[in-house]
Amino acid sequence: VERTHRCRGARNVMGLQSSPRATSSAPKIIWHRDLLVTALLLSVANSASVVHVSTQQSHRVLRNDACSSLHIAINSFHGYRQPRQVLLASLRNAGVPMHQVHVFLGGYGLQSPQGNTRRRSAYNPRPWLGEDGVHYYAITENSIDYTAIIYIVEHPEHFKGVKTWFYTHDTSEVGHTFWSVLAQWCHGLPSCAVPLFRQEPSFSTGMYDAGFLATYGTGIVKMKKPEQVSAMEWKERGILWEDILFRLCDKTDERELPLGLKDNCEDRPFSKRTCICSDFYFNKTTIKKYGRNAAPRYQFAFPCLDFVKYAANIGKGPLVLSE
C-alpha cells in the first residue's frame, strides 16, 4: 500500500516549524504486511481469552506520584548513547518520574547494530538503576523494534506494578507538556493498545495495556531475532511487522479499524479514542540530530502529545542501522 504523508496545517512543536505546502511534497512510504506473522498472532488471539480494559479515560492533569502504574519503555540499541541522552534529558525536563522509565539495551555487547560479533561473552547482567532511578536492562539479542516488548513479556517479574506502557524508540524527543498530557491515560486505555497515530504506520509507538501484552506473549516472543540471522535482515522483516500488535488489538476489540483510513482518533462508530494523535506534521528537511557522522533524519512531530520522532527509514532507499 502506498500512501503519502498528510497533516492538518501549520504546527509548532518544540520549536520546529512546518506548513501544509511543505508537507505535500514529502517522500512516500511503501508499507507491506507479513501475512504469515499476522496469521500467527491472530491464531493466538482466536485461542486466548480477550483482555478487556477500562474504556474510561481521565482528562485531568495528574501529579507525577498519582500516575504510578503508567511507565515508559524505551526500545534502544546499547551503542546508541547519543539518542538515549537526548530522549532521557527531554523526559527529565518534562517532569516525568524517572523511576517509571525503563531503557532496554538491545544487542548488548555487539560491536555494531549490523553484526553478530560480540566484544564480550553473551552475558546478561541483572537489571540496574541509573541516574534518577531509571531502570536499565541489558539484552544480548537485537530484535530491532520489538526488543523491549519481548523482554517485557519474558520477564514479568520485573514489571509487577506496571498496568500501562508508553512504548517508544530512543530516536525520539519530548517537550515540556508531554507527561501532563500522557497522564490523561493513567486510569487505563480505551482499548488494549492505542497507536500514536493512524495515517501511516506508527513506528510501533503508542500505548499498550500490560495485560494485553502478557496474554499474547507466546506470539510476541516468536519475533525474537535468532542468533544466526543478521540485524539488517531482521530490520527488513520488522518493516513488515510494524504495528502488528495494534492490528491484533483491533482484531480482539472487534473493530477491524484499518490503519491509514481512520485518521481521526475520535472517529465513529467506535465512540472511543482509537489513537493518541489525529494531527501530525512532517518536516521534509533532514537534520543530523545525533552528530555530524550520524544518519540524516526526518522529523515527525505530534502536537497533541508534544512528541517528536526522528526517522531515518521512511522511503524506498537502503535501510539505515545507525545513529
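I'd like to check something: does segment 123-137 contain any residue that is touching a helix residue (DSSP H, G or I) at 6+ places or on another chain (Cβ under 9 Å), in a loop (DSSP other than H, G, I, E, B), within 26 Å of D253 (Cα to Cα) and in contact (Cβ under 8 Å) with a residue 12 or more places away in the chain?
So far as segment 123-137 goes, no, none of its residues is touching a helix residue (DSSP H, G or I) at 6+ places or on another chain (Cβ under 9 Å), in a loop (DSSP other than H, G, I, E, B), within 26 Å of D253 (Cα to Cα) and in contact (Cβ under 8 Å) with a residue 12 or more places away in the chain.
If a residue has to be within 18 Å of E242 (Cα to Cα), open to solvent by less than 10 Å² (accessible area, probe 1.4 Å) and touching a Phe, Trp or Tyr at 6+ places or on another chain (Cβ under 7 Å) to count, how many in segment 150-169 make the cut?
Qualifying residue count for the region: 2.
Being in a loop (DSSP other than H, G, I, E, B), in contact with a helix residue (DSSP H, G or I) (Cβ under 9 Å, 6 or more places away or on another chain) and open to solvent by less than 10 Å² (accessible area, probe 1.4 Å) is the filter here, so list the residues in segment 190-211 that pass it.
S191, C192, R198, P201, S202, S204
With L62, L41, L88 as the choices, which residue is surrounded by fewer than 20 Cβ atoms within 10 Å (Cβ to Cβ) and either at pLDDT 80 or above or aliphatic (A, V, I, L, M) (or both)?
Result: L62 is the single residue among L62, L41, L88 that is surrounded by fewer than 20 Cβ atoms within 10 Å (Cβ to Cβ) and either at pLDDT 80 or above or aliphatic (A, V, I, L, M) (or both).
Of all residues in segment 138-149, how many are closer than 24 Å to V96 by Cα and either assigned to a strand (DSSP E or B) or open to solvent by less than 20 Å² (accessible area, probe 1.4 Å) (or both)?
The number of residues fulfilling the criteria is 5.
The values are calculated or read from the model by the stated rules, or taken from the named source; none is laboratory data. These numbers come from a predicted model, not from an experiment. Reconstructed Cβ throughout: ideal geometry from the backbone, glycine too, with neighbour counts over all protein chains shown. The area values use the complete protein model at the heavy-atom level, side chains included, leaving out ligands, DNA and RNA. Shrake-Rupley method; radii C 1.70, N 1.55, O 1.52, S 1.80 Å.
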